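Please treat every number below as a calculation from the coordinates, not as lab data. Keep in mind that what you see is a predicted model, and the values were worked out from it rather than measured. Quick reminder, even Gly has a Cβ in these numbers, built from the backbone with ideal geometry, and neighbours come from all protein chains shown.
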Amino acid sequence: MPRKQVKMKPDTPNRIERLGFRLDEETKDLIERAAHLSRRKVSDFCVTALTDTARRTIAEHETLALSDRDRKAFFDALIHPPKLPERLVAALAEHKRRLAS
């Protein structure tokens, strides 16, 4: 029976893009110390830290937290939607008619 060839994943992903910035000496020393304590290369430490922070920031901006009162109002509106005003119903019907013609 032929053996399956397994593709080995490299330790680091294919990194072709660059991101450069300058730091003051104190910040650089702090980052180097943290990377050393984590037993990681400075670049790997920085990429991981930046990626984690970026994901958290995006999640904070894309997540909507509702209070109990707001949550109840939202679900009540879904379960018992308000009756549409006649003018809105007429406008929707006119729009639909124009699209069909």
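Things to note:
- Within the chain, helix-based [θ] at 222 nm, where runs of 4 or more DSSP H residues each add -39,500 (n - 2.57), nearest 500: -20000 deg cm²/dmol
- Cα gyration tensor shape for the stretch 10-51, rounded if a/c is under 1.5, else prolate or oblate: oblate
- Using only side-chain charges placed at the Cβ, +1 for Lys and Arg and -1 for Asp and Glu, the dipole size of the chain relative to its Cα centre rounds to 780 debye.
- The number of Lys pairs in the chain with C-alpha atoms less than 30 Å apart, excluding pairs fewer than 8 positions apart on the same chain, is 5.
- Loop-located chymotrypsin sites (Phe, Trp or Tyr not before Pro) in the stretch 36-101, at most 16 other Cβ atoms within 10 Å (DSSP): none
- In the chain, the longest principal axis of the Cα atoms and the axis of helix 68-79 are about 50 degrees apart.
- With only the Cα atoms considered, the chain has a convex hull volume of 441 Å³ per residue.
- Cleavage-rule hits, trypsin sites (Lys or Arg not before Pro), the stretch 10-83, DSSP coil, Cβ neighbours within 10 Å at most 16: 15, 18, 22, 39, 40, 41, 83
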